[in-house]
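Taking it in order: structure first as C-alpha cells, then the write-up.
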Amino acid sequence: MKIVIVPSGFKECLDAEDVALAMERGVRRFDPTVDLEVIPMIDGGEGFVKTIVRLKNGEIVYKKVTGPVGKKIKSYFGIYTENGKRNAVIEMAAVAGLKLVPRHQRNPLKTTTYGVGELIVAAIDMGIDNILIGCGDSGTSDGGAGMAQALGIRFLDENKQIIHVNGGEDLMEVESIDMQNADPRVKNVSINVACNWNNILCGEKGVAHIFGPQKGATPKQVEQLASALDHYADLIEQATKMDVRSLPGSGASGGLGAGLIAFAGATLHQRFNIIMKYINIEEKILTADIVLTAEGSLDFQTPNGKIPAEVARIAKKNHIPVIAITGTIGKGANLNYHAGIDAYSSIIQKPISLEKAIKKAPKWIEESTESVLRKVSIGMEIANKENRKERAI
C-alpha cells in the first residue's frame, strides 16, 4: 500500500511540517515498512515563508515592525535569488496573524496590517525585484488600510486632516484617500499574492460576515465592520477607479487582498495554483493508494479552496480515497464528502481545555493517524475475504 500524506497546519497550534511529522509517526506505528510519501503543504498562512525559503535555499531576514495590536514585534520575511532576480517572501501570519493577537484583545475592529506594509518597504530597501505574499491565518480586518499607510498612502477626514487608521472601525471616519505620497518604488516591484479567491470584501459573503466571528467580533461588531468595509470600497473606487467589492480574493486576510490590489498594484492568485509552482504535489498524489490530509478545523469553509479539499480534488482524478485528520469538526463538515474527502476523523479524545489540547495535539494526531489506518486495514481484510469467497464459489 502506498500512502501519501499532504497536510496543512493546525492554526495557532502546529505548522504543516509538525503535523506531517506526527502523521508520519502514526503511519509507522501502523506499519513501519509502508511505502510513504510526506508532503507538508502550505496555503499562505503559518509556515509559508520558512517553507519557501527552504525550498529555494534562501535566508530569513528579521525585522522589528508593528504587530496587529499596535505594539512592536519581531517578525521576518524570506529572500532568495533565482534567474538573476532577488525575491522576497512575506507571510501575513508572521506579522499580523491571529496567533499574534492576545485572546483578550481579539476584536477585528481594532487590529492593523501596518506591519505588512513595513515588511514590504523593508524588502524594497534590500533591492528586491519580486515579492510573494502569503495571505492566511490573519488576525486583522482593516482592508489593508494599515499596510497602505506604511506605503505612504494617507487617509483623510472631512476636513482633509490625516486619520491614523488603526483598525476597521476607523475606516468610517475616512472621507478621502490621498495617494500623492505613496512610495514610488512599489510600482517597480512585481507583487504576487497567494490567497483564497473565494474570499471577497463586501456583501453577505464578505469578509466581515464570514470571518469576523472567528477573529473575535460580536454580531454587532460584524455589522459595524461590514459597513466600514463597504464605505472603504467606495473610497477606493473614488481614489483609484477600481471596484474591489467582489473581486476574487479581495477579502483575503480581512480585506488585505483589496488593499494590495488598490495600493500596491499586486496581482492576486488562487493560492493553491501559485503554491503548486513551488511544491509539485500532483504527480505524487496520483501514485497513492490512499491519501491522508489534515486541517485544524474541518467545516463548511474547507471546500472553498482549503488544502484538504484541493488535495481531494487532485486525488479524485484517479479515484484515490482521501481521509482527513482534523482537530475539530465544525458546522457543515459533511459538505466535505461532496468535495472529495471520503472520511474524516477528529483527534480530540476527551473534553479538554484548548490550551491542553494544543499541547497534546502532536501525540493525538499520531494516534489518530494510526487508528484510521487500522480501520482501513479491517475494511481491506473484509473485502479480501469476500473476494476469496466469490472465487471459491
Tally, over the stretch 328-360, of residues that are touching a Ser or Thr at 6+ places or on another chain (Cβ under 9 Å) and of a type in the set (Phe, Trp, Tyr): 1
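Here's the yes/no breakdown for (1) at pLDDT below 95; (2) hydroxyl-bearing (Ser, Thr, Tyr):
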residue	(1), (2)
176	no, yes
183	no, no
186	no, no
200	no, no
208	yes, no
213	yes, no
222	yes, no
236	no, no
247	no, no
Residues of the stretch 312-330 satisfying the condition of being farther than 15 Å from residue 369 by Cβ and either in contact with a Cys (Cβ under 6 Å, 6 or more places away or on another chain) or β-branched (Val, Ile, Thr) (or both): 314, 320, 328, 329
Qualifying strands (runs of 3 or more DSSP E) (wholly inside the stretch 9-112; at least 2 residues being under 21 Å from the mean Cα position of the chain (by Cα)): 59-66, 72-82, 85-91
Contacts under 6 angstrom Cβ, first residue in the stretch 374-393 being free of Cβ contacts under 8 Å to residues at least 40 places away in the same chain and aliphatic (A, V, I, L, M), partner part of a helix (DSSP H, G or I) and surrounded by 10 or more Cβ atoms within 10 Å (Cβ to Cβ), 6 or more apart: none
Total residues in the stretch 262-277, condition open to solvent by 40 Å² or more (accessible area, probe 1.4 Å) and either polar (S, T, N, Q) or under 16 Å from the mean Cα position of the chain (by Cα) (or both): 4
Among residues of the stretch 57-83, those that are open to solvent by less than 70 Å² (accessible area, probe 1.4 Å) and either touching a Lys or Arg at 6+ places or on another chain (Cβ under 8 Å) or without any contact (Cβ under 8 Å) to a residue 60 or more places away in the chain (or both), counted: 13
Exclusive hit being touching a helix residue (DSSP H, G or I) at 6+ places or on another chain (Cβ under 8 Å) and of a type outside the set (A, V, I, L, M, F, W, C), set 84, 58: 58
Single residue of the stretch 233-261 satisfying the filter (hydroxyl-bearing (Ser, Thr, Tyr) and out of contact with any helix residue (DSSP H, G or I) (no Cβ under 6 Å at 6 or more places or on another chain)) that is least open to solvent (accessible area, probe 1.4 Å): 253
The stretch 220-234 residues that are closer than 15 Å to residue 200 by Cβ and small (Gly, Ala, Ser), paired with ones that are in a helix (DSSP H, G or I) and open to solvent by less than 70 Å² (accessible area, probe 1.4 Å) (beta carbon under 6 Å, 6 or more apart): 226/208
Selection within the stretch 273-296 - out of contact with any Leu (no Cβ under 9 Å at 6 or more places or on another chain) and within 11 Å of residue 324 (Cβ to Cβ): 291, 293, 294, 295
Which numbered condition residue 314 fails, given (1) touching an Asp or Glu at 6+ places or on another chain (Cβ under 6 Å); (2) among the hydrophobic types (A, V, I, L, M, F, W, C); (3) at pLDDT 95 or above: (3)
Meets criteria (in contact (Cβ under 8 Å) with a residue 24 or more places away in the chain, crowded, with 24+ Cβ neighbours inside 10 Å and among the charged types (D, E, K, R)) for residue 129: no
In the stretch 288-317, the residues that are among the aliphatic types (A, V, I, L, M) and under 24 Å from residue 361 (Cβ atoms): 290, 291, 292, 294, 298, 307, 309, 311, 312
Hits in the stretch 20-39 - residues which are modelled with pLDDT under 95 and buried (at least 21 other Cβ atoms within 10 Å of the Cβ): 20
Condition check for residue 270: in contact (Cβ under 8 Å) with a residue 60 or more places away in the chain, among the polar types (S, T, N, Q) and closer than 25 Å to residue 148 by Cα: yes
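The values are calculated or read from the model by the stated rules, or taken from the named source; none is laboratory data. Predicted, not measured: the structure shown is a model, and the values here were computed from it. Don't worry about glycine lacking a Cβ; one is built from the backbone with ideal geometry, like all the others, and counts go over all protein chains shown. Areas reflect the complete protein model, heavy atoms only, side chains present, ligands, DNA and RNA absent. Shrake-Rupley method; radii C 1.70, N 1.55, O 1.52, S 1.80 Å.
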